[in-house]
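Shown next, in structure tokens, is the structure this report addresses.
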Amino acid sequence: MSIKVFDQTGPVSGQYRPETDALLSLSGVTKQYPGVLALADFDFDLRAGEVHVLFGENGAGKSTMISMIAGASRPSAGEIRLRGELVDFRSVQLARRAGVRAVFQEFSLVPELTVEENIFLGQEASRGPFLDKAELRQRARAILDHLGFDLKNDQPVAYLSRADQQMVEIAKAFVDDIAVLILDEPTASLTEKETDRLFALVDAAKKNGTGVIYITHRMAEIKRLGDRVTVLRDGRKIATLDAQDISEERLIELMTGRVIEQVFPNIGFAPAALMLEIENLTLAGGVVRDASIQVRAGEVVGIAGLVGCGKGEIGRAAFGLERVRAGRIRFKGRDTTGHSPSAMLKDGMFYLPSDRRNEGLVMARGGRENIALSSLDDNAFTRFGFLKRSAEAKITQKLAQDVELRPMDLERSVDQFSGGNQQKIVIAKALARKIDFFIFDEPTVGVDVGTRVAIYALIRDLCEAGAGILLISSDLPEILHLSHRAYVMYRGTIRSEIAQADLSQENLLSHFFERDAS
């Protein structure tokens with residue numbers, strides 16, 4: 001049996017017929033890690049010119065599958081065929097040579113390098129033994145212009161917003177002709193305009209015969225782009241269905257193995273004492289200007305707005321993560337302007353960051369250590385300055401069970417958990433000490449519907465128990481269905497406060513964009 005290992009630069013050859021044959025196929029593919037069966041006897045096919053959506057809970061096996069297709073890992077068993085020929089991608093670089101490109105949810109950028117250097121990393125243009133910087137710059141500019149991304153070639157990636165970094169990742173995939181394009185939650189950090197541009201690029205790729213594997217938890221994206229949907233659960237294929245003929249309820253039932261009657265819970269509204277009061281806040285970087293909000297105990301207050309409008313910086317400033325130029329922050333009646341995150345944590349405030357990998361977790365450490373990290377000064381965990389190991393193990397195990405962590409292995413390093421389960425660890429970390437005010441900053445980015453339902457139920461339980469909740473989200477349904485009141489931000493300023501009775505998509509969106517001067 002002949003296996004292409006792609007130690008050459010040429011494309012796959014053979015008797016492939018695009019009108020009848022699968023562009024890419026997996027047969028009986030299995031991936032076994034020590035103690036974990038991540039993917040079991042998996043069959044899948046991708047046709048030229050289609051978008052095939054992968055849908056499943058975090059930990060269902062989606063990331064494992066695409067990592068093998070992209071050459072980041074290799075199957076324990078089974079076959080992968082590209083254009084009818086058996087292939088063995090032993091590295092990401094070799095998969096790219098065959099025309100397989102992936103845009104992963106977790107970025108693979110080098111912060112110290114510029115945009116253009118990241119786009120061509122590993123495939124730089126050279127002139128003899130020297131890097132051809134002029135060629136590099138010209139090609140990068142051409143790609144960015146073609147994609148419609150407003151990025152500066154020579155800007156270091158470290159200084160870019162997460163949305164701009166997402167665009168760099170996408171640009172990397174369009175360096176060469178693409179046979180198979182893998183997009184893993186590509187719109188999580190993009191604005192509406194950038195999302196529309198990405199969708200246009202996907203449509204163009206389909207017309208050129210590219211096969212697209214698309215991972216998303218958003219039903220609107222499935223309906224907009226998808227041709228077929230394959231549902232995974234616990235590392236196994238459950239069904240492959242026509243994307244246009246399947247309802248969200250049926251997809252959720254197949255994904256979870258149970259009927260979820262209501263995604264968004266009803267949250268009791270019993271506003272009590274004023275907990276957080278921000279007056280005329282202006283931040284040192286100028287992202288937020290003259291902003292004022294209030295949050296009471298027993299209510300969920302949302303902040304909505306486009307990516308980059310400054311809504312996330314409001315929560316970060318309240319927790320002491322942003323430098324304040326002017327204005328005042330009061331928490332529980334005391335002036336806390338300029339207080340540190342550790343001081344705010346001791347006062348009973350917890351901030352769940354939008355970037356869980358870089359700000360919420362220590363990726364190389366285990367789940368137990370991460371959950372306990374915010375509470376090491378608490379008497380439940382320490383005595384006379386020494387960690388109580390047995391208490392730590394007992395408490396973290398209970399919290400992991402409460403958030404339904406999978407797999408239930410707290411000694412496993414956090415970077416080996418799926419994105420949704422990493423988010424569960426961050427939430428368990430928030431619950432490890434006495435907290436009565438929570439800031440949720442984009443709490444469901446990159447998590448599946450089942451995890452979303454659990455997070456929404458947690459927000460309800462915390463609010464109804466008397467906690468104050470500040471919910472910062474780019475997901476309009478979250479703001480509409482969970483908030484008792486909502487503020488809308490536009491270019492760093494609070495444009496409107498909307499009461500629950502007036503919360504509607506039309507009212508929110510009317511404040512998202514530039515108003516007609518006339």
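Helix-derived [θ] at 222 nm for the chain: sum -39500 (n - 2.57) over DSSP H runs of at least 4, divide by residue count, nearest 500? Walk me through the numbers before you get to the answer.
Numbers: 16 runs with 153 residues, N = 518.
Calculated at 222 nm, the ellipticity per residue is -8500 deg cm²/dmol.
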Checklist outcome for this item: For the chain, longest principal axis from Cα atoms; helix 133-147 axis from its Cα atoms; angle between them, nearest 10 degrees, is 70
Next on the checklist: Quick check: Cα centre of segment 458-475 to Cα centre of segment 240-270, how many Å?
Outcome noted: 21
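Out of segment 111-217, which trypsin sites (Lys or Arg not before Pro) are coil in DSSP terms and have no more than 16 other C-beta atoms within 10 Å? If you can, show how the numbers build up before the last one.
Numbers: sites: Arg127, Lys133, Arg137, Arg139, Arg141, Lys152, Arg162, Lys172, Lys193, Arg197, Lys206, Lys207; in loops: Lys152.
Sites meeting the loop and neighbour criteria: Lys152.
State the extension gain, in nm to one decimal, for the chain segment bounded by Arg258 and Asp378, taking 0.36 nm per residue of separation less the distance between their alpha-carbons. The partial results should precede the final answer.
Values: separation 120, 0.36 × 120 = 43.20 nm, distance 3.85 nm.
The Arg258-Asp378 span can extend by a further 39.4 nm.
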Item to check | Paramagnetic label zone (point 7 Å from Cα along Cα-to-C-beta, Ser161; backbone N under 19 Å) in segment 480-495 | outcome: 487-495
Next on the checklist: When a/c reaches 1.5 or more, the comparison of a/b and b/c decides; with that in mind, is segment 109-176 rounded, prolate or oblate per its Cα gyration tensor?
Outcome noted: prolate
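Sort 80-91, 339-350 by the packing proxy (mean of other Cβ within 10 Å over each peptide's residues), most packed first.
On the way: 80-91: 18.9, 339-350: 16.9.
Ranking the peptides 80-91, 339-350 by packing returns 80-91, 339-350.
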Item to check | segment 285-351 and segment 390-455: distance between their alpha carbon centers, rounded to Å | outcome: 23
Next on the checklist: Using a Cα-Cα cut-off of under 24 Å, which lysines could be cross-linked to Lys394, ignoring same-chain neighbours fewer than 8 residues away?
Outcome noted: Lys346, Lys424, Lys429, Lys434
Checklist outcome for this item: With label points set 7 Å from each Cα along the Cα-to-Cβ direction at Glu79 and Thr240, the distance between them in nm comes to 1.5
Checklist entry - Which of (i) 9; (ii) 48; (iii) 14 is the computed percent of Cα pairs over 46 Å apart for the structure on display? => result (iii)
Next on the checklist: Per 0.36 nm of contour for each residue apart, how much would the distance between Arg323 and Asp41 grow if the chain were fully extended, relative to their Cα-Cα spacing?
Outcome noted: 96.3 nm
Checklist outcome for this item: Summing +1 per Lys or Arg and -1 per Asp or Glu among the other residues with Cβ less than 10 Å from Ile472's Cβ gives -2
Checklist entry - How high is the relative contact order of the chain, in percent, with contacts defined as C-alpha pairs under 8 Å that are six or more residues apart? => result 15
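Between Lys394 and Gln32, what FRET efficiency follows from the Cβ-Cβ distance if R0 is 35 Å, with the result rounded to 0.05?
0.65
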Checklist outcome for this item: Shape call for segment 275-509, from the Cα gyration tensor axes a ≥ b ≥ c (a/c under 1.5 means rounded, otherwise prolate when a/b beats b/c, else oblate), comes out prolate
Checklist entry - Taking the Cα centre of each part, how many Å lie between segment 108-144 and segment 149-176? => result 12
Checklist outcome for this item: Here the net charge surrounding Ala291, from other residues whose Cβ is less than 13 Å away from its Cβ (Lys, Arg +1; Asp, Glu -1), is +1
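Find, among the chymotrypsin sites (Phe, Trp or Tyr not before Pro) in segment 352-418, those assigned to loop by DSSP (not H, G, I, E, B) with at most 10 other beta-carbon atoms within 10 angstrom. Numbers along the way, then the final one.
Working: sites: Phe381, Phe384, Phe386, Phe417; in loops: Phe381, Phe384, Phe417.
Sites meeting the loop and neighbour criteria: Phe384.
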Item to check | Neighbour-count ranking [beta-carbon atoms within 10 angstrom, fewest first] of Val53, Val288 | outcome: Val53, Val288
Checklist outcome for this item: If each K or R counts +1 and each D or E counts -1, the residues other than Arg74 whose Cβ falls under 10 Å of its Cβ total +1
Checklist outcome for this item: Low-density loop GluC sites (Glu not before Pro), segment 369-466, at most 16 other Cβ within 10 Å, DSSP non-H/G/I/E/B, are Glu404, Glu411
Checklist entry - Got a sec? Charge dipole of the chain, +1 on Cβ for Lys and Arg, -1 for Asp and Glu; which of Thr30, Leu251, Asn507 is way out at the positive end? => result Thr30
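Laboratory data are not the source of any read-out in this text; all were calculated from the coordinates shown. Since the structure is predicted, the reported quantities are computational estimates derived from the model, not experimental observations. Cβ coordinates were reconstructed from backbone atoms using ideal geometry, including for glycine residues, and neighbour counts include every protein chain displayed.
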